[in-house]
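The values are calculated or read from the model by the stated rules, or taken from the named source; none is laboratory data. Predicted, not measured: the structure shown is a model, and the values here were computed from it. Here Cβ is always computed from backbone atoms with ideal geometry, including for glycine, and neighbour counts include all displayed protein chains. The area values use the complete protein model at the heavy-atom level, side chains included, leaving out ligands, DNA and RNA. Shrake-Rupley method; radii C 1.70, N 1.55, O 1.52, S 1.80 Å.
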Amino acid sequence: MFYETYLIMKSIPTLFVKIAFCFGLLAVICSENLQAQDKPNILFVITDQQHPAISGFRGNPVVKTPTLDALAADGVHFTRTYVASPVCGPSRAAYMFGKQVYQIENWYNAKAWPEDEVTWAKRVTDNGYYTAHFGKMDSPGLYGKLGFSEEWHSAKRPVRKVDGADVRFLPEIPRNAKGHLTVKTFKIDEYTTPKYEAGGYGQYGKDRPTTDWALKFLKEREADGKPWMLHVGYLMPHWPFTLPQKYYDMYADVDIPMPYDAKFPNPDMHPALQHFQQWDGLDVAPDEEKLKDALRAYYGMITCVDDMLGEIIAELKASGMYDNTYIIFTSDHGDNLGEHGMIGNKHTPMEGSVAVPLVITGPKVEQGKKVDMPVALVDMYPTIMDMAGVDFYDPERPGEDLLPILEGKTQASDRTILSEWHGTGFQGAWYMLVNKKYKYIYYERERPSLFDMEADPKELNDLALDPAYAEILKNFEAQLNEILDPIATAKAARKQQGLITGDGKDLMFDGTEDLKNKE
């Protein structure tokens, strides 16, 4: 009896220590879970080829975008957001890596994405978030290696490998934009997921499963308790103009106004843009009704995407996650959409092509605010870092953190944004610098352009022809040369595209007759 009592008394200190340890461990776990739940979630939704102003909150009287309109009312929308290059792959690479096209040398579609750069997805994942990408990314060579916890790609473009010159870039090799204007419809109840793999449903056949993946992800996060980041990539409203009949019918009887300056050909444009228009087969006017029909389909596709986004927002609200989630909505580039006599393509430095919509909502974000100062899609990198609480600074990344602007802690300031082009349709590169007042465009081997974006937002009056603006042009050219060497950068791109031969011949400007029928 005495011995048993001795053993009990001897074990008491150890027992107390164990109990205290368990309570302490439980407290740490609970504290970590609370901290995880306190971290905001991040939803990034990006469409493909969406004109910056075709939405209700931007004042378009025809298009139906109730989900986007509600988000804009609940957050901040930016009226002048510019991409690093107006084409899918380079634009997406730029905002994923937070660098300009010339920095990562991702000149055009089908160029392999760099493996030695770090995406914001990798940094957010490393900061304790569960992350995912579903839908389009257009990241040749880097599918499955973007830094997300999981990935599903609705389309995969392989790395393009050619021997010698890549003739896509030769200005004499034309393309026919009028071929993009064909409209096809189908009944939405005809669509089933297995048929998606066989095609026949246009971009809807890829965007519907993308939405389903996103909804599944959000339902799984409800019970997870871990902060999450979701990147959703839609292909609409990019052509082909194939869409569910019900979305076409919304605009079938609507009188679609012709876009401004829709002249085919357009002799009032810069010579480089006239060349682009001719290259795209638009120097001969398309049938006006066919063009308007394509616009109806384009509007319908925007409404279709808006409805899909609405499903995702509804799930966020039903699960109680909406109030603690930052939502970013944008596009990878625009579409000229008939303005200045160009349609079915981007590629140009004009607003419809190089600018995109941008709406951001979330915790502490001001409501119903409009920002007219220029910002850039590469700003998403530092902005997402701030949203996720990642301590980050990199002077090589030119983007600016927009979160203080979103929260009203600071006002947006005037700044200069760069975009560049090293792709098809132009005889040489172009570079754009834009600030609140002016847009300056440097065309390789051509005169520049200059537009007063405050007095002339439709870019109808090229001030570069007026001697009174010579000093402003000179200052912009000097500013461009401080950022990069425009000629050396253009030649570096063409060398990688096989357009500069071993003996130094530049096929962009020298004879190319022997290559025209190579592909």
If the chain were replaced by its equivalent ellipsoid, with semi-axes equal to the square roots of 5 times the Cα gyration tensor eigenvalues, what would those be, largest first, whole Å? 46, 27, 23
Search the structure for amide H atoms under 5 Å from the amide H of Y438, placed 1.01 Å from N in the peptide plane, and list their residues when 5 or more places away or on another chain. M453
Where W152, W213, W120 fall by accessible area, highest first, once all protein chains stay in place (1.4 Å): W213, W152, W120
Along the dipole axis of the range 351-494 (charges at Cβ: +1 for Lys and Arg, -1 for Asp and Glu; origin at the Cα centre), the most positive-end residue among V356, A464, M432 is V356
For the range 76-142, what is the largest minus smallest coordinate of the Cα atoms on each principal axis, given in angstrom and ordered from greatest to least? 35, 33, 23
Once both labels are modelled 7 Å past Cα along the beta-carbon direction, what's the K474-S413 spacing in nm? 2.7 nm
Could you calculate the FRET efficiency of D268 with D394 from 1/(1 + (r/R0)^6), where r is the beta carbon distance between them and R0 is 51 Å, rounded to 0.05? 0.75
Heavy atoms of E105: accessible area, 1.4 Å probe, square angstrom to 10: 80 Å²
Using a 1.4 Å probe on the protein heavy atoms only, what accessible surface does D38 show? Give it in Å² to the nearest 10. 110 Å²
Loop sites in the range 184-261: GluC sites (Glu not before Pro), DSSP, at most 13 other Cβ within 10 Å: E197
Report Rg/Rh for the range 57-114, rounded to two decimals, where Rg is the Cα radius of gyration and Rh the Kirkwood radius. 1.14
Debye, to nearest 20: dipole size of the chain, +1 on Lys, Arg Cβ, -1 on Asp, Glu Cβ: 1060 debye
When each of K437/K458; K370/K437; K178/K292; K136/K178; K369/K439; K111/K491 is checked by Cα-Cα distance, pairs over 22 Å: K136/K178; K369/K439
E288 to E222: extension gain in nm, 0.36 nm per residue of separation minus the Cα-Cα distance? 18.8 nm
Expressed in nm to one decimal, what extension gain is obtained for the pair V159 and D503 from 0.36 nm per residue of sequence separation less their Cα-Cα distance? 121.2 nm
The distance between the Cα centres of the range 323-370 and the range 247-274, in whole Å, is 19 Å
